[in-house]
Amino acid sequence: ILNLPDAYEFVVRPDVSYIIAENGGNTMRIYTDGRKLPAREDTWGTYTGVSVGRWEGDTLVVDTTGFNDKSWLDDDGHPHTEALKTTEKFRRPDYGHMTMEITIDDPKSYARPWSATFHFHLIPS
């Protein structure tokens, strides 16, 4: 989950993509090779979960499950459990800008799924 005020590097390949946090704390691997998202009980529970992505037009849609319950959703400490499933939609409306809409679905922590939208700006290196 992209919840820190860091810079991120996106590496996009045909079969797998990566989101690498500048702070080195997390790397999210997104399988885009057509595999199905595993059932929660078929995962081992990690900080970043297991992510499977697909392209819907110019939007990368990423479903993630398999989280452990040892972290928070954000810096404000919003909780989650191992039942957490997220759906993130990444879209670049133009060069230098990207929008990410995330839907949080954790029936053990929240009464219903909820969403938030984040806007990212290119920082040339």
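The values are calculated or read from the model by the stated rules, or taken from the named source; none is laboratory data. The model shown is predicted, which means the values in this text are computed figures rather than measured ones. All Cβ positions, glycine included, derive from the backbone under ideal geometry; neighbour counts span all protein chains shown. Areas reflect the complete protein model, heavy atoms only, side chains present, ligands, DNA and RNA absent. Shrake-Rupley method; radii C 1.70, N 1.55, O 1.52, S 1.80 Å.
Return the sequence-ordered ³J(HN,Hα) values of region 41-52 in whole Hz as given by the Karplus equation 6.51 cos²θ - 1.76 cosθ + 1.60 applied to θ = phi - 60°, using x for Gly and Pro.
Ordered by residue, 3J(HN,Hα) equals 5, 9, 10, 9, x, 10, 5, 9, x, 10, 10, 10 Hz.
Restricting to DSSP loop positions (anything but H, G, I, E, B) with no more than 13 other Cβ atoms inside 10 Å of their own Cβ, which chymotrypsin sites (Phe, Trp or Tyr not before Pro) remain in region 1-88? List each step's numbers first, then the result.
On the way: sites: TYR8, PHE10, TYR18, TYR31, TRP44, TYR47, TRP55, PHE67, TRP72; in loops: TRP44, TYR47, TRP72.
Counting only loop positions with at most 13 other Cβ atoms within 10 Å, the chymotrypsin sites (Phe, Trp or Tyr not before Pro) in region 1-88 are TRP44, TYR47, TRP72.
Taking the simple approach of a point 7 Å from Cα along Cα-to-Cβ for both ASP33 and THR103, what is their distance in nm?
Calculated label separation equals 2.7 nm.
Once you have a ≥ b ≥ c as the square roots of the Cα gyration tensor eigenvalues for region 6-54, tell me rounded if a/c is under 1.5, and otherwise prolate or oblate according to whether a/b is larger than b/c.
Oblate, since a/c reaches 1.5 and b/c is not below a/b.
I need the GluC sites (Glu not before Pro) found in region 1-80, filtered to DSSP loop residues with at most 12 other beta carbons within 10 Å of theirs.
Details: sites: GLU9, GLU22, GLU41, GLU56; in loops: GLU22.
Passing both the DSSP loop test and the Cβ count: GLU22.
Can you list the HN-Hα couplings for region 100-107, worked out from phi with the Karplus curve (6.51, -1.76, 1.60; θ = phi - 60°), rounded to whole Hz and with x for Gly and Pro?
Working through the residues one at a time gives 10, 9, 10, 10, 9, 10, 9, x Hz.
If exposed trypsin sites (Lys or Arg not before Pro) are those in a DSSP loop with at most 12 other Cβ within 10 Å, what is the longest stretch of the chain that has none?
Maximal segment without exposed cleavage sites: 71-107.
Please report, as a whole percent, how much of the solvent-accessible surface of the chain comes from carbon and sulfur atoms (probe radius 1.4 Å).
The C+S portion of the solvent-accessible surface of the chain is 52 percent.
When a/c reaches 1.5 or more, the comparison of a/b and b/c decides; with that in mind, is region 62-118 rounded, prolate or oblate per its Cα gyration tensor?
Prolate is the answer for region 62-118, as a/c is 1.5 or above and a/b outweighs b/c.
With a 1.4 Å probe and every protein chain left in place, work out the accessible area per residue of the chain in Å², rounded to a whole number.
63
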